[in-house]
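The next block holds one structure in the form of structure tokens; read it before the comments.
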């Protein structure tokens with residue numbers, strides 16, 4: 001039973017989001033199945049389910065307003081709305097406004113992975129078997145690479161600051177490993193790709209189809 005005041009329940013009701021799979025009577029049942037890996041499917045992480053839910057929301061809005069809602073279009077627009085490129089996001093929001101869609105409101109209604117985690121664990125009382133930590137050395141390798149890059153950047157910044165080429169006294173150095181799709185501009189942080197199991201859902205499905 002979903003808790004009163006849950007944002008995901010509010011969004012489901014506001015936009016009339018139904019089940020995406022005829023096997024399940026509700027969207028919540030489908031979310032739990034995807035999360036736990038029911039019926040032999042691969043279990044998905046919180047970030048993957050969050051993106052899936054938000055794209056369902058965006059597709060629903062597009063369908064209601066007669067805007068093209070093919071998977072590729074929805075995924076591309078979703079990445080833009082949730083991305084860091086302010087100019088592209090503003091241009092897309094304006095394009096949505098022309099089609100009668102309040103883009104800002106839709107973005108505000110999208111949920112975070114923390115909200116998804118709370119919804120699955122607390123609102124829906126879901127339980128998921130703990131996956132063995134089989135990727136500890138891989139994670140450690142990436143963290144080591146980030147530490148090395150950070151140290152070298154600190155040294156270079158200190159040198160440049162001494163030469164007067166840049167004021168690095170108040171600078172915070174952030175190092176992030178990102179993975180990009182070889183077939184489209186989609187790019188995500190390493191930990192996000194590891195959590196959800198892929199970089200680009202659209203082209204992952206296409207490659208899987210071509211291999212069968």
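The values are calculated or read from the model by the stated rules, or taken from the named source; none is laboratory data. What you see is a predicted model, and the numbers here were worked out from it, not measured in a lab. Cβ placement follows ideal geometry from the backbone for every residue including glycine, while neighbour counts extend to all protein chains displayed.
Screening residue 162 with (1) at pLDDT 80 or above; (2) closer than 30 Å to residue 81 by Cβ gives one miss only, at (2).
The number of residues in segment 2-36 being at positive phi and modelled with pLDDT under 85 comes to 1. Among the residues of segment 4-28, write down those that are free of Cβ contacts under 8 Å to residues at least 24 places away in the same chain and within 21 Å of residue 197 (Cα to Cα). Across segment 4-28, the qualifying residue is only 21. Of all residues in segment 184-200, those satisfying the criterion of being at pLDDT 80 or above and either part of a loop (DSSP other than H, G, I, E, B) or farther than 21 Å from residue 139 by Cβ (or both) are 184, 185, 186, 198, 199, 200. Test residue 23 against the stated conditions and say whether it is outside the structural domain of residue 191 (by TED's automatic domain parsing) and within 23 Å of residue 187 (Cα to Cα). In short, no. Among the residues of segment 148-185, those that are farther than 30 Å from residue 72 by Cα and in contact (Cβ under 8 Å) with a residue 24 or more places away in the chain comprise 149, 150. Scanning segment 29-53 for residues that are assigned to a loop (DSSP other than H, G, I, E, B) and either more than 15 Å from residue 193 (Cβ to Cβ) or in contact with a helix residue (DSSP H, G or I) (Cβ under 8 Å, 6 or more places away or on another chain) (or both) yields 37, 41, 43, 44, 45. All conditions in (1) over 20 Å from the mean Cα position of the chain (by Cα); (2) surrounded by 13 or more Cβ atoms within 10 Å (Cβ to Cβ); (3) closer than 25 Å to residue 172 by Cα hold for residue 82, with the sole exception of (1). Restricting attention to segment 38-64 and to residues that are without any contact (Cβ under 8 Å) to a residue 40 or more places away in the chain and farther than 24 Å from residue 93 by Cα, the residue that is surrounded by the most Cβ atoms within 10 Å (Cβ to Cβ) turns out to be 38.
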